[in-house]
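Please read the structure below before turning to the comments.
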Amino acid sequence: MSATPIEAVRVAVFLGTDHHPFQRLVDWVDEWAGDHPDVRCFIQHGPAAPPRHADGEAFVDVGRLREELRRATIAVGHAGPGTIVDARIAGRLPIVVPRLARLGEVVDDHQVAFGRWMADRGLALVAEDRAGVHRLLEAARADPDSVRLDAADPDRSPAVRLVGDLLDELMR
């Protein structure tokens, strides 16, 4: 069981700077936040409508992004490489949801393949629907250590491990 009390759980959601709205993810996390008023939830929602239950801002600068991720227990985002790397640098195994072209969330479905690829390697957790997002949020809330990256090796940051893992995979 986790050493982090449930009352201390914080969720940080980042959707990047793309001009395509990602309303599905905002709504799914905001609904969950409404059911968990004891959890502080911040959503950087981009051009999507702001959340009703969670705190939110359309865009934040990189300093604020890093601070929110550093303070977060749970990191959530779209399945973009930058978002995944930022979460991992902050020491979090991110929950990611791929944007879908057919819903006008992105120009093509590259995030579907990339998110699954990252999940297959244990570098992210992927949810592709509302139930999956809620299930992963509940699991992370119950056991925050499950989404905290191992800091046992202080000489290797999460970012260094990520780049190393990716390079190893490419060399195979």
Would you confirm, using the coordinates I've provided, whether residue 75 is touching a Pro at 6+ places or on another chain (Cβ under 8 Å) and under 23 Å from residue 138 (Cβ atoms)? yes
Going residue by residue through segment 12-26, is there one that turns out to be in contact with a helix residue (DSSP H, G or I) (Cβ under 6 Å, 6 or more places away or on another chain), among the basic types (Lys, Arg) and modelled with pLDDT of 95 or more? no
Residue check, residue 90 against (1) among the hydrophobic types (A, V, I, L, M, F, W, C); (2) modelled with pLDDT under 95; (3) in contact with a Phe, Trp or Tyr (Cβ under 9 Å, 6 or more places away or on another chain), all met but one. Which one? (3)
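Let's see how each residue does on (1) surrounded by fewer than 21 Cβ atoms within 10 Å (Cβ to Cβ); (2) among the charged types (D, E, K, R); (3) within 14 Å of the chain's Cα centre (by Cα); (4) under 21 Å from residue 128 (Cα atoms):
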residue	(1), (2), (3), (4)
39	yes, no, no, no
42	no, no, yes, yes
45	no, no, yes, yes
52	yes, yes, no, no
58	yes, no, no, no
71	yes, yes, yes, no
83	no, no, yes, yes
90	no, no, yes, no
Counted residues in segment 124-152 being part of a loop (DSSP other than H, G, I, E, B) and under 28 Å from residue 35 (Cα atoms) come to 6
Only one of 22, 59 is touching a Gly at 6+ places or on another chain (Cβ under 8 Å) and farther than 25 Å from residue 117 by Cβ; which? 59
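The values are calculated or read from the model by the stated rules, or taken from the named source; none is laboratory data. On a predicted model such as this, the values are computed, not experimentally measured, just so you know. Counting neighbours? That spans all protein chains shown, and the Cβs are built from the backbone with ideal geometry, glycine included.
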